[in-house]
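The values are calculated or read from the model by the stated rules, or taken from the named source; none is laboratory data. All figures in this text were calculated on a predicted structure; none of them were measured in a lab. We place every Cβ from the backbone using ideal geometry, glycine too, and count neighbours over all the protein chains shown. Just so you know, the surface numbers come from the protein's heavy atoms only, side chains and all, with ligands and any DNA or RNA stripped out. Shrake-Rupley method; radii C 1.70, N 1.55, O 1.52, S 1.80 Å.
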Amino acid sequence: MPFSDNRVKQRSSDLEDEAPLIQNQHDDWVESSPASPVSPRRRRNIRSSASTTNVPSRNTTKAKSRTISFKVAEKLKDKFPANVVRNQKYNLITFFPLVFYQQFHIFINLYFLLVALSQFIPPLKIGYIITYLGPLCFVILVTMGKEAYDDWKRYKRDQENNSQKYQIMTTKGIKLVPSSKIRVGDLIIINKDQRIPADLILLRTTESSGACFIRTDQLDGETDWKLRLAVPYCQKLPSDESLLDINAEIYADSPQKDIHNFVGNFSKAVAEDIVPQVEALNVENTLWMNTVLASGTAIGFVIYTGKDTRAVMNTSHPETKVGLLDQEINRLSKILFLVTLLLSLLLIALNGFRGLWYIYLFRFLILFSSIIPIGLRVNLDMGKTVYGYQIMNDREIPDTIVRTSTIPEELGRIEYLLSDKTGTLTKNDMELKKLHMGTMAYNIDTMDEISNQLDAAFGKQQGKDVQRTSRTATSTILVGKSRRDMSSRIKDIVFALALCHNVSENALKSDDSEVTYQASSPDEVAIVKWTEHVGLTLVFRDINEMHLRTKHGDTFEFQILQIFPFTSETKRMGIIVKDKATDEIYFYEKGADVVMSRIVQYNDWLDEECGNMAREGLRTLVVARKKLSEEVYNDFSQRYHEAKVSLSDRKAQEQAVISTILENELELLGVTGVEDKLQDGVKTTLELLRNAGLKIWMLTGDKIETATCIAISSKLISRNQTIHQISKLQSIEDAHEELISLQTKGDFCLVIDGESLQIYMDHYQYEFIELAVELPVVVACRCSPTQKADITKLIKKFSNKRVCCIGDGGNDVSMIQAADVGVGIVGKEGKQASLAADFSVTQFSFLTKLLLWHGRNSYKRSAKLAQFVIHRGLIISVIQAVFSAIFYFAPIALYQGILIVGYSTVYTMAPVFSLVLDKDVREDIALQFPELYKDLIKGRSLSLKTFFQWLMISVYQGGAIMIMSIVLFEDEFINIVSISFTALILNELLMVALEINTWHRLMVLSEIITLAIYIVSMIFLPTYFDLTFILTETFVWKVLVITAISSLPLYIVKFLRRRYSPPSYLKLT
């Protein structure tokens, strides 16, 4: 009997919110621990079983909290999800249905499927079925092959993960099992550099302190190592094997996505009818799946497997982004279908709807099916691959990665750029520049004075030793002084900064007495480096102790009693330490001024100085402390432990205890100002992008003053722009008045804080965004990640323009994924933003070339390629229409079999596709004159206007080729196929040459080789080409005349247009 009834009474009160889940006998989970408020009889039945665990029923829809015994029965382990990693999109059953659905919901593919199927109906059959079925099958097979290959690679990765071997501790010894066989309740041994296979509670480590470090970059993208702590009771056991004998259980809350929070308890049964020993568990006691053990060896207890793990629950498959050009192509395809239908109806009408006209209508639709080019998507997709290759191999933007290959053209259509600040516009490379203590202030030029004052406080200046009764209490530092002097105040804040941080022990490396640091926040590294510079160095740190050393060799040892980590909710971090020499206990805390100003003692300078530093572009941290007596600390420790083991609203209860006992009337020590340096080339980049017509928004979590200063220093705000600030709006009426005042202003930059922005989002969404999208610059401060994503979606929805978001941290991921184009920077905050983005870069300045050069080329080339492929289908359909009209409107195919297939492949594909290498301007011109980008934003390269221009060209050329073939070869009409087809091929090769702005050697080769292939193929296709006729002089000159008539006028038009009305880019070359 592992637990007593007293345990039931104690824990049932903490589980009131879970009671409804437990009392219902038809619930998804059956609470089988004694914590359940069930009847005594029910408890006796449960105790008679071999284990105490929550068992999921078969109809489980959502997992609930669980209590798992260390001696859980094998059959109950099987009730939880299997620990199988599966990232495949398909299986053998779903592959074909899903792929076919994805392909045939595209209009072009669906149209050609219907055309191909119509060839199985005898009255509609025209030519060879392979002519219509072949191209469609080719496109579908290529897509299926790509999908199958990608899914096979996912399967192999899954198989590799699932088959990795792990050591499991059992009563029969250590067993080696694959990852997929790990179950809830297993004890797993994890070695250094080994991947964590499931979500575990850390029980023991090889470190005597019970600490270990994990790498979480594959889970949250952060590069710093995280400290994890073993369960104290288990760590104190004499051996690892003792874990198999203890009578204990672990309570874990329900599986959830949040990787930064966990609520659980470790309960050890002591004896019958005695309250069990309970230790609180939080995220520091966990090892999440897909993290890697970075130090030592650890033993973990499995609490979540498979789909219940944090890693799997956070694995999202964002929707495939579809570019604006692809949407425009899809719309044009529908217009082409209408053109096909109208052309077919026209021929039927001209024939007077005679006979079985509806049959003829369908035959004409099939004859003109080439108007809708099935090869268009294949050409565009191949072009995207080329653009991606060019971007990733550009030496001027090294290490750039294209993660979404379907939207490179979007880079040339961006109108709104939404950027993070820290780590994106700035380097996230911090340096402490200012220290203010109310009556004293120091900057980078006077830091040496702090070092001297610190020497005086330590009694080492000028070789003098002053008796020190306390290292941290300043009231007794200097004998005979009743007031605190300058030296002692400096010593207080330096000690506070040297102690109040979370630099990990593993990050301390001594090499020739040079110490380097690493922490989750660059602010902390900058501050600890500064304390080292002024004479107080961190030389040792583990979970229990911290040692500081002066430059004269004195070492101060402190015991770490409690740590309160920084979170985005609290915006502060604290630590309680005990001086081992004097037994004095101090609570140190540092944080944002907005929260610290309410915690510290009254003063009249904090808000003003924080504002001054923020206007200089410095990140401010307020530093304070409180001395605790032994009694006060013991009281706090007891109440804090009770809050930590609570299973109901644990975080709120913990914060309540901290606020009541610690966070009131803190002694204000000072304010630090840390500079975050601008990224290289940020000023030039922002100026170029602004000149290119982009409207730039800076979304940041920083305070208004800091963000405004960075916006000015980075040249985001131009010199002639005024700044209008909206902050701390209290009511809807205030928000409405601000809106009215904004409407009367001209060109200005809007700076707004998160609270005010939320009021507008909730009550004046339409009015606010209507005004904001017209502004050249908007700076939104104190923004949450959710607000960033909401703003992105709102701009997209309202403006219907392309939005690009760029960031470097995990808090930017939602914004990046919501954007039309997401750009992630690989920075000091890790790779999470980079991995979630469509494009990954290493510097903000790379945006210039990515948008102005690669974006320009991708969009212009794809637009030209798409229109030429459409023209290629239109011209051959016009030739067919003219042929049918001349010969009594008969729906008979002019070109059949190999000719119709070869026309869109070997005879024209290479020259047409070579257009993806074209350049309308030189790279230096595109970067020197960013105003050229404005033309791209307007989308003029592919529009209804250009579409109808190409339609008219196709009608003219198709009509000219067919009519001139009949006129010039009236006596050789039997050879009309070879005559008109040869003229058609030559015309297309000349049209490609006409469209090229900058010749590339591959373009020349494609033209020559394609012409050679066509000439040689004539020899091997006697069915279509009569060599005795083709080799005559008459054939040659007449075909050349036909080609000249169809193409020469377009050369003349192009010459006149460039001479008298050149495009903007030609004026610069």
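Among the residues here, L435 does not qualify as of a type in the set (A, V, I, L, M, F, W, C), under 30 Å from D918 (Cα atoms) and open to solvent by less than 10 Å² (accessible area, probe 1.4 Å).
Note on the range 235-279: residues that are surrounded by 12 or more Cβ atoms within 10 Å (Cβ to Cβ), within 14 Å of I299 (Cβ to Cβ) and of a type in the set (S, T, Y) total 1. Listed here are the helices (runs of 4 or more DSSP H) enclosed by the range 806-909 that have at least 1 residues being within 16 Å of the chain's Cα centre (by Cα): 813-818, 832-836. Each residue in the range 414-433 was checked for being under 15 Å from the mean Cα position of the chain (by Cα) and either more than 17 Å from A837 (Cα to Cα) or not in a loop (DSSP other than H, G, I, E, B) (or both), and 2 of them qualify. Taking each residue of the range 738-760 that is assigned by the TED database to the domain that holds I723 and surrounded by fewer than 17 Cβ atoms within 10 Å (Cβ to Cβ) and looking for partners that are among the aliphatic types (A, V, I, L, M) and not in a strand (DSSP E or B) with beta-carbon atoms closer than 9 Å, six or more apart or interchain, yields L739/L771; Q743/L771; D747/L775; F748/L742; F748/L775; E755/L729.
Residues considered: F262, F266. Of these, the only one that is without any contact (Cβ under 8 Å) to a residue 60 or more places away in the chain, in contact with a strand residue (DSSP E or B) (Cβ under 9 Å, 6 or more places away or on another chain) and closer than 15 Å to N282 by Cβ is F262.
For the range 810-833, enumerate the residues that are surrounded by fewer than 24 Cβ atoms within 10 Å (Cβ to Cβ) and among the small types (G, A, S). Within the range 810-833, G810, S814, A818, G830 qualify. Looking for something in the same structural domain as G438 (by the TED database), charged (D, E, K, R) and closer than 30 Å to V231 by Cβ - is there at least one such residue anywhere in the range 598-609? No, that holds for no residue. For A910, the criteria (1) within 30 Å of A818 (Cα to Cα); (2) of a type outside the set (D, E); (3) in contact (Cβ under 8 Å) with a residue 40 or more places away in the chain; (4) open to solvent by 40 Å² or more (accessible area, probe 1.4 Å) hold in every case but one, which is (1). Checking each residue in the range 783-801 for being buried (at least 22 other Cβ atoms within 10 Å of the Cβ) and not aliphatic (A, V, I, L, M) picks out C783, K788, T792. Count of the range 950-976 residues, restricted to those that are open to solvent by 80 Å² or more (accessible area, probe 1.4 Å) and either under 30 Å from I414 (Cα atoms) or of a type in the set (D, E, K, R) (or both), is 2. Residues of the range 378-407 that are outside any helix (DSSP H, G or I) and either farther than 22 Å from N811 by Cα or among the aromatic types (F, W, Y) (or both): N393, D394, R395, E396, I397, P398, D399, S405, T406, I407. Within the range 528-545, not a single residue is open to solvent by less than 10 Å² (accessible area, probe 1.4 Å), β-branched (V, I, T) and at pLDDT below 85. Here E410 does not qualify as under 28 Å from A692 (Cβ atoms), charged (D, E, K, R) and assigned to a loop (DSSP other than H, G, I, E, B).
Inclusion of R363 among residues that are within 24 Å of V912 (Cβ to Cβ), in a helix (DSSP H, G or I) and touching a residue at least 40 places away in the same chain (Cβ under 8 Å) is not warranted.
Condition check ((1) loosely packed, with under 15 Cβ neighbours inside 10 Å; (2) in the same structural domain as I963 (by the TED database); (3) aliphatic (A, V, I, L, M)) across all residues:
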| position | (1), (2), (3) |
| --- | --- |
| E995 | no, yes, no |
| I1008 | yes, yes, yes |
| L1011 | no, yes, yes |
| V1016 | yes, yes, yes |
| T1023 | yes, yes, no |
| F1035 | no, yes, no |
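For the range 546-573, filtered to residues that are open to solvent by 30 Å² or more (accessible area, probe 1.4 Å) and polar (S, T, N, Q), the residue that is modelled with the lowest pLDDT is S568.
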